[in-house]
Structure formats: C-alpha cells, structure tokens
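Undergrad: One structure coming up, written as structure tokens, with questions to follow.
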There are 4 protein chains.
Amino acid sequence: MQIQENELVLVFYNKEKSWLIKVSKGKSLHTHLGFFKHDDIIGKEYGSSIETNLGKKLFLLKPNTNDLALRVKRKTQVVYTKDSGYIIARTGLCSGMKVVEAGTGSGVLTIMLANIVKPLGHVYSYEIREDFYKLAGENINKAGLRDYVTLINKDVKEGFDFKDADLAVIDLADPWNVVRVSWEALKPSALFVAICPTVNQVEKLVSELSKGFVDIESVEILLREWEMRKDMSRPKVRMVAHTAYITFARKILI
Amino acid sequence: MQIQENELVLVFYNKEKSWLIKVSKGKSLHTHLGFFKHDDIIGKEYGSSIETNLGKKLFLLKPNTNDLALRVKRKTQVVYTKDSGYIIARTGLCSGMKVVEAGTGSGVLTIMLANIVKPLGHVYSYEIREDFYKLAGENINKAGLRDYVTLINKDVKEGFDFKDADLAVIDLADPWNVVRVSWEALKPSALFVAICPTVNQVEKLVSELSKGFVDIESVEILLREWEMRKDMSRPKVRMVAHTAYITFARKILI
Amino acid sequence: MQIQENELVLVFYNKEKSWLIKVSKGKSLHTHLGFFKHDDIIGKEYGSSIETNLGKKLFLLKPNTNDLALRVKRKTQVVYTKDSGYIIARTGLCSGMKVVEAGTGSGVLTIMLANIVKPLGHVYSYEIREDFYKLAGENINKAGLRDYVTLINKDVKEGFDFKDADLAVIDLADPWNVVRVSWEALKPSALFVAICPTVNQVEKLVSELSKGFVDIESVEILLREWEMRKDMSRPKVRMVAHTAYITFARKILI
Amino acid sequence: MQIQENELVLVFYNKEKSWLIKVSKGKSLHTHLGFFKHDDIIGKEYGSSIETNLGKKLFLLKPNTNDLALRVKRKTQVVYTKDSGYIIARTGLCSGMKVVEAGTGSGVLTIMLANIVKPLGHVYSYEIREDFYKLAGENINKAGLRDYVTLINKDVKEGFDFKDADLAVIDLADPWNVVRVSWEALKPSALFVAICPTVNQVEKLVSELSKGFVDIESVEILLREWEMRKDMSRPKVRMVAHTAYITFARKILI
C-alpha cells in the first residue's frame, strides 16, 4: 500500500512524538527532530520510514480510527479509548446498528461508535452548543465518517427524533433528564449507556433508571501502562486515575 | 420484536441470576425461583416479563454478542470484556477487516472480534488442540457467527496461511514464537496484539517485537464495579485484580 | 527465645492456614493437617518447627501486634492493616502521644494505635454499644495492651472527656456529628482522621470540617497481592477492591 | 502551645503551597503570596494564622514527623508514606524495637522507622555511598531523631554488625545479596522487608528468601486521592501509579 496525496499519515518517532499529517504536495513537516518534504513520502509504502534532514528516522504509518480520534481538535473533555472500548464490547455493538447519542462534544466517542456501526448502521448525535456541533462535524469529516453520522444541533431533552435504536449513549452533565427520552428511542431490551465524571451524577441517574430499565451496572475502567524491559519491568510512574463512571442499563417494557 | 421459537433469550432476574435459553416448544426453564414453559413466552415482546409458578418476575431480554460470549462453554481461561473492548477500540477494528488469531481457546475473543468485523470482514483463528478447536466451533455457531470465522486446527508456529491481515491477535503461552509469522501475515503498519497473564511473558515478547515492530505498548486494564445507591455509594468490596497484560505493536517494513 | 506456657504462638503452615494458640499444658492443636500437643512445643525456640502426627511441618512463630489484630473476635467491620498503616504514618503517630477514638467496634484499630503510642502514650476509645465495648476490651487484653487503652462505654456526641489529644480517630457512621467535639479534644494543629465506607459520608464530613480545620484530604488505599514466581510473576487474581475512604484534617484556632 | 525561636513551623496555605521554616529572629518568609517576618509569629499559638503583606492568610502548624520526612533534601528516590505506613503496621513495629536497615538513601524511611521505635528502640542504618550517608545524617538531625538512629557508612553485604534485630528493612537494588546477612541479624521469627521497584528484583529476592524464611508475601500499595465536594465528588484525575513492591518474610531457624 503506497502513500498517496491527500491521505492522512501517522508520522511516528516514539509514543510521545508522533504527528498526523495530510499529505500535500509542496508542504513539509517541521519538527524539533528536523524536517522532511511531503513530496518525498508520496509513493512510499506504509510501514516504511523516512529520514529528516537531521538524520532522524520517522516511520510512516497508516492511522486507524483510534489514532484519528485521539488527535482531533478538542474543546471538551473527551471519552478515553479504555472507556469507549468497554462501551463497545459490553453492549455488543456491531456493524448495522443504530445508535442515538446525546452530547456530541468534540465528537471523539461519536467517531469510535460510527467506526463500529458502519457501513450499514448509523449514529444520530445531539449537541445543544453550536460551537461543539460545528467542531464535531469537522472532526468526523476528517475521520472519514461523515456518511455514518447525523449531527443534530438541538436540545435532546425535547426527545430524540428517532425510534428503535439499538443503543443510547449519553454524555451530558444531567443524564437523569434524558432517561425518559432515551427509553422512548430504544428498542425493547436495548442498552442505555451514560458517562459521568462524578459519583453524585451516577447516583441520581441510577435512581431514575429504576423506571423502565433493568440490569443497571456502574463501573470504572482503569488503564495502567507498563515499562516492560529485560530485568527491569515495572508499571509507569504516573497514570490517569479517573476519567468517568460508565453506567449500563437495559430497557424493559412498562 | 416478538420472541420466536429457536431464538436465544436472556432470562434476567438480577445480575447474579440470569439464564440463556434457546426457546423450544414443550420445554420449561426450571430455577430455584420457580419455572415457566417456553411455550408461554413465544410471541411475547422482548423486554417484557413472565412470572414463574412461584410468582417471581423474570425479564425476557434479547442477548447481545457480549451476553453470548460470557455464557459459552469454557475449557480455558477466557478473555474478559474489559480486555477485548480495549483491543477492539485501540486497534480501530471495524467491519470489513481481516483478523488472524492464534490460540482460539474457547472462542470468546474470536466471537467478540467476529462481531465487529462482520459482515464483510473475517477472522481466521488457529488452535492446536483439537478439543478446544471443536468447542470453539460450537460456541461460535451458537453465537451465530460461523459465516465470519474460519477455525484452523493447526500449530500456527508453522505460519498463518493468510496475508494482508489488518490485525493479528495472539493468545498463546509463548507469543514470542509467533512474532515472525504474525509479521508475515500482517499488512504494513497493521497492529499486532498479544494477551499474556505474566510479566515474564510480556518481557520476552517485547524484546522479540523490537524486530519489525514499533509503537510497542503494554497495559493492564482494571474494572471496578460500584454500588450506586442514594446516600450509600461505594465500590463493590471485591474485584478481579488481574486477568492479563495486553501488548500492542505496529508492523514496519524491514 | 523459648516458647513458654501461656504465651501466644502463631502456628504457621502457609498464608491460608495458620493458627493463633495460647500455650496451655495438656492441650492439643487439632487441624486437618494433624495435631500436636502444646506440651511438646514448650521450651522450643521461636522460629523452629514441629511435626504433626501426620508428618506435616508447622512453624512456631512469635505473633506481632498486627498478627493479633487480624485474629481478634469480630462483630463489626474492622479496619484493614493497609488503612491503619497509612493513618499511623501520615499522622506521624509515635510513642507518648494521646489519641481519642470514637467507635471502638471490635477494637482492631485501637490495638494498632495503642501499639504505637505505648508505653508512654494512651488511647481513649469510645463505644456506645455495650456488646462491642465488652468485646473490644477482651480483644485488647488478649493483645496485651490493656495498660495503654481506656475504653469508655458512652455516646461520644456528648463530647470527649479529654483535652489536648494529639490525634482524633473517628470510625462512626455519622462522623460529621463529632467534628465539633473532636475539635475541642484536639491540640491546636493536631490531626483529625475519619474512616468512612461511602462517598456520601465523606462528602458530608468534609463540608463540616471546613469549620475549624485545614489541610483536608480524602484518600483510598488499595493493596494488591502478587504471586512472584520464577518466570511466572503476576498479580493475584482477586483482591479487596474497597474498604473505606480515609479523611485527614488539621485543627486550626477559630 | 506557642511558637518559639528555632522551632520548625509548617506554614500552610493549601496542599500545593506550604513551607517548612525554622523560626529565626530577623528572617522573613518570602512567597509569591507575599511575605511575613519570623519575629511576628514568635509567641503565636500553633494553629493560628498570620497575614502576609499582600493580605494572604497563612496557617502556622506544628509539623509532625511525616511532614518533616516529606520535606527533606533528596538525592534518591524516597519511600512514600503509603509504603512506610504499610511496613510499620504490617510488621507490628513499636517503641523499643531494634531495626537494621540497608540503603539509608536520603533517610526518609529511616526517619519514619525511628519515629516509631523511639525512645527506647533504635535504627541501625547502612549506606555505602558517602554522599547519601551525609545527607541522611543531616535530614535525620533536622527531624530531631539523631538519638535514635546510628548511621553506618559501609557495605552491608559484609554483614550487619548487630544481632537480635526485630526487623530488617532493605532498600537496595540487589536485596537478594543481603538475605543471608539479614537472616543473621534477625531474631528468630522476626520480619524481613524489602522495597523493590521492579518485578524482576522481587522474583529474584523471593527465590532467595525460600532459604531461611516463611510467610513470604509481595504486595503493592496504591493511593488514590479524591476531590470530595458537595454534588461533585470524584477521584483526582492523576495519581502515582507505581512506587515499589514491598516483600515481607519471617525468619525461621534452619
């Protein structure tokens, strides 16, 4: 697979130093490790490397959707891969499913969900703030997922405009206020998921979920990175200690 | 959506007490909470409930792929949802991708991966032990995913029989011995993933990965369940403290 | 050091199988690994071993205060070593200090605190329930610490009967109700500590502590056990995920 | 209790901004929150406050041993309070005990141990590097514990010069090399403790401990801080993910 103009390339030096570029004739990538010309990588194989003018070797990788999601422009706290991964696996999300989402934010979770439900499924995502709505649109376009996402710039408390969703994902400060409209949008026995940073939010949400949902479960996911080296293996010294609690519930008929 | 004969139904009382049944005319589900006849739920809506002869209310839910994966017959340690979820999200796995897997085991991870790559992608999974190979086949059939998985009863150390895979997933005791064949099976810049219970395995693996891979990262994922109740919120008293380390790497051209 | 009659001996087979006995002439210790007569260990060295009639080797260890604290009779949830250790170290507790405690319970934390403040310091511990008060007294006697602890069977909400304490330790369901009396009992700039299982308790407590205290900090301590074996090192599969939050604060003059 | 000249005072604004000063006539404390003169706090009560020239209120607290230990000059990685606390509580350390320590480093753990064993016990601590030995001496003096600690500038691999220790604490890169000399220095059935950052060190150590020790246990202690605020309670976003593994063992006679 050869690198073409206008493709996104992940230029990788190490975990702390990597750059996502759109290959453009005439442009260069300038880093503190030196620079190279985009022209010089067009036609090269993905997985190959290029040397900067300072002799540093940079690898030319094909970014996957998670790489893109981690590098979008952000105006909000975003959902971490550890959390979106658990949401995807725990709910059995797959291609062809219909998802309603409330609180698009910067669109990171939207991108992760759309990547799974495409090409036959769809994500309908609501965002009340116009600036977030616009930013999320740009980010989703950049991730190449515009065909699988409909963004709606509207207060979802008035109700989702869709029925028979396979999954409702709520990333709002007051998720308890959309339990009823989520119930209405979901297929019977489909899953409701909410992402809340504080214990108090979850407590309030869980109480509201007792009307119309069963199998209510709240968890936190912790990711710990390791330094694995011959005779010197140990966890990294610092970690993210908290992102959010994730709450799951299944719609029952009432 | 009405429950039909031969469908799988998740009969749910609470998190600790739920049963996965295949609806069969003439059969009954007997539990310590009483029994009901399968015939009596045919034609009922998913999300509705039925009372046992002892008056206990059981909810009739449509199982998703994760529900099925958690309830397969097991002869091996299986991959937890927290781990398969992170693998899926971190690698950007999606419909249409081609996965090679070594160490099918009971097929739980195979099921989770196939659910994501279907309908256009495929999982090619290798298992050297015939008893596991057969069990995994039954489990994958039960999960309705036989069209998206090819099981191969063979020692993968001789090499995968496939090229241009988007992802290689290794769940073997000696993953370092398949680094080379995984490299050969992968597309350039595609991801290698291995699941290892011990630090020593990861250490050995990581050393081997330095030939032909970059962006090598090892993590552990911890899931902590909470009891969220009005004025009494706290984590559950016990948790699973360890399942496995997950190691990621990207193929480069050498 | 030779084992004498009436001494407490920790008979150790492995971490899961150990017995605390009081050496008594004429008695035997019967276990599923066989038995031995107490008479046969009198005069043996601590650190030596004895064989049961079934040929199993049991080690004869001198118990320390933590061994005794872990093996008292319990009618209540007790404070774990990980938590009492952090309380001791974080507050700089040492011999000669005066501690007031509310909520003696089974006396486990009282034992740990008394072990540190002896021989010149003292713990004054309040317990409203007579059955706990009596049990704690027996446990503290058994641990050999009766001279360093005064137990008071009284509702501490009426106030501690002591002044100029170096530390106040509260293990009650409603610690916010004793913030004022703790303040009165403490020396200026001395530490207040409370142990609370739920987030909601801590939230209420912290709000109350803002009157008369600074440097308010709430933490949780997690202990993870490892299986360290040649080429097979990994954390144990299960762990205690939650005991309690510990809150610290320092008295200021108001 | 009034502040006297030459006493150490913890000047506290908040958790991130506090200063340990030695009260000296004629001196001032200058901070970005303004300054005050030492003379102006002499005679004030501990627990009271003083305003800087910029009108910021600073609390005048009496530091405890942990406060001092956290603020010593460091040339080495030091032992965290969470770890020293567990060591103290798990071993039943108390006043009057004799401790041998290998690897004084900056003396932080030495200070914590001496604070517990004083006034009748003693810590004998070995450090091979002269610069650390000198620094630790200064730190221990500053903490007011010089009478309870003997520092020895010597390679402990030649043996401890003491017998009948109640506890041996090893903080060296190769603890397996002092297992034998620790065994010789300990009372029968007394505890050995080692602090190791990597899994590999522990693995090697544990193998060596099987000669002459039982009840071998390795743990890691994690501390997670919380932000407890009305309706907004949640863990802090970042935490220290790893300091060291702590290994415990008890000497048996061989």
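Undergrad: Using a 1.4 Å probe, how large is the accessible area of B:LYS211, given in Å² and rounded to the nearest 10?
TA: Counting only protein heavy atoms, the figure is 120 Å².
Undergrad: Can you classify the stretch B:1-148 as rounded, prolate or oblate using the Cα gyration tensor, where a ≥ b ≥ c are the square roots of its eigenvalues, rounded means a/c under 1.5, and otherwise it's prolate if a/b beats b/c and oblate if not?
TA: The shape class here is prolate.
Undergrad: Would you please classify the overall shape of the protein assembly as shown from the alpha carbon gyration tensor, given that a ≥ b ≥ c denote the square roots of the eigenvalues, rounded means a/c under 1.5, and beyond that prolate means a/b larger than b/c while oblate covers the rest?
TA: Prolate shape, in that a/c is at least 1.5 and a/b is the bigger ratio.
Undergrad: As an exercise, identify the GluC sites (Glu not before Pro) in the stretch C:180-224 lying in DSSP coil whose Cβ has no more than 15 other Cβ atoms within 10 Å.
TA: In loop regions of the stretch C:180-224 (DSSP not H, G, I, E or B), there are no sparsely surrounded GluC sites (Glu not before Pro).
Undergrad: Right, here's the next one. State, to one decimal in nm and shortest first, how far the label point of D:LYS230 sits from each corresponding label point in the other identical copies (label point: 7 angstrom along Cα-to-Cβ).
TA: Result, one decimal in nm: 2.0, 6.0, 6.2.
Undergrad: Here is a further query. Using only Cα atoms, tell me the angle between helix B:108-117 and the longest principal axis of chain B; keep it within 0 to 90° and round to the nearest 10.
TA: 80
Undergrad: Nearest 10 degrees is fine. How inclined is helix B:130-142 to the longest principal axis of chain B, computing both from alpha carbons?
TA: So the helix axis and the longest Cα principal axis differ by about 50 degrees.
Undergrad: From the Cα gyration tensor of the stretch D:110-163, with a ≥ b ≥ c the square roots of its eigenvalues, which class applies: rounded if a/c is under 1.5, or else prolate if a/b is larger than b/c, or else oblate?
TA: oblate
Undergrad: Also, I was wondering about something else. To test your reading of the geometry: what angle, between 0 and 90 degrees and rounded to tens, separates the Cα axis of helix B:81-91 from the longest principal axis of chain B?
TA: The two axes meet at around 50 degrees.
Undergrad: Can you tell me which of C:ASN14, C:ASN139, C:ASN64 moves the most in a GNM of chain C? Springs connect C-alpha atoms under 10 Å apart.
TA: The residue with the greatest mean-square fluctuation here is C:ASN14.
Undergrad: D:VAL206 accessible area, nearest 10 Å², 1.4 Å probe?
TA: 20
Undergrad: Report Rg(Cα)/(2.2 N^0.38 Å) for the stretch D:8-63, keeping two decimals.
TA: Numbers: Rg = 10.0 Å, N = 56, 2.2 N^0.38 = 10.2 Å.
My calculation over the Cα atoms of the stretch D:8-63 gives 0.98.
Undergrad: Choose one of D:VAL79, D:ILE3, D:GLY92: the residue whose Cα lies farthest towards the positive end of the charge dipole of chain D (beta-carbon charges +1 Lys, Arg; -1 Asp, Glu; about the Cα centre).
TA: The one lying farthest along the dipole's positive direction is D:ILE3.
Undergrad: I would also like to ask the following. What is the dipole size for the stretch C:67-251, taken about its Cα centre, with +1 at each Lys and Arg Cβ and -1 at each Asp and Glu Cβ, in debye to the nearest 20?
TA: Dipole of the stretch C:67-251, to the nearest 20 debye: 540 debye.
Undergrad: Ok, one more. Summing -39500 (n - 2.57) over the DSSP H runs of n ≥ 4 in chain C and dividing by its residue number, what mean residue ellipticity at 222 nm do you reach, to the nearest 500 deg cm²/dmol?
TA: So the helix-based figure for chain C works out to -6500 deg cm²/dmol.
Undergrad: So how exposed is C:TYR80, as accessible area in Å² (1.4 Å probe, rounded to 10)?
TA: Looks like 90 Å² after rounding.
Undergrad: Keeping every protein chain in place, order C:ILE140, D:ILE254 by accessible area at 1.4 Å, biggest value first, i.e. largest first.
TA: Most to least solvent-accessible, the answer reads D:ILE254, C:ILE140.
Undergrad: Would you kindly work out, in nm and rounded to one decimal, the distances from the label point of A:GLY26 to those of the same position in each other copy, ordered shortest first, with label points 7 Å along Cα-to-Cβ?
TA: Relative to the other copies, A:GLY26 has label-point distances of 7.2, 7.8, 10.6 nm.
Undergrad: Heavy atoms only, 1.4 Å probe, whole protein assembly: order B:PHE213, D:PHE35 by accessible area, highest first.
TA: Listed by decreasing accessible area, they come as D:PHE35, B:PHE213.
Undergrad: Need one number: buried accessible surface between chains C and B, 1.4 Å probe, both sides summed, DNA, RNA and ligands left out, in Å² to 100.
TA: Counting protein atoms only, the buried area is about 1800 Å².
Undergrad: Over all distinct alpha-carbon pairs, what is the Kirkwood Rh of the stretch A:36-112 in angstrom?
TA: 15.4
Undergrad: Could you state the principal axis extents of the C-alpha atoms in chain B, from the largest down, to the nearest angstrom?
TA: 67, 46, 29
Undergrad: Using a Förster radius of 60 Å, what is the FRET efficiency between A:LYS27 and B:TRP19 based on their Cβ-Cβ separation? Nearest 0.05, please.
TA: For R0 = 60 Å, the calculated efficiency reads 0.50.
Undergrad: May I pose another question? Using a 1.4 angstrom probe on the protein heavy atoms only, could you order C:HIS122, B:HIS38, C:HIS32 from most to least accessible area?
TA: C:HIS32, C:HIS122, B:HIS38
The values are calculated or read from the model by the stated rules, or taken from the named source; none is laboratory data. In this text, all values refer to a predicted model and were calculated from it rather than measured experimentally. All Cβ positions, glycine included, derive from the backbone under ideal geometry; neighbour counts span all protein chains shown. For the accessible areas, the whole protein counts, side chains as well, though only heavy atoms, and no ligand, DNA or RNA atoms are used. Shrake-Rupley method; radii C 1.70, N 1.55, O 1.52, S 1.80 Å.
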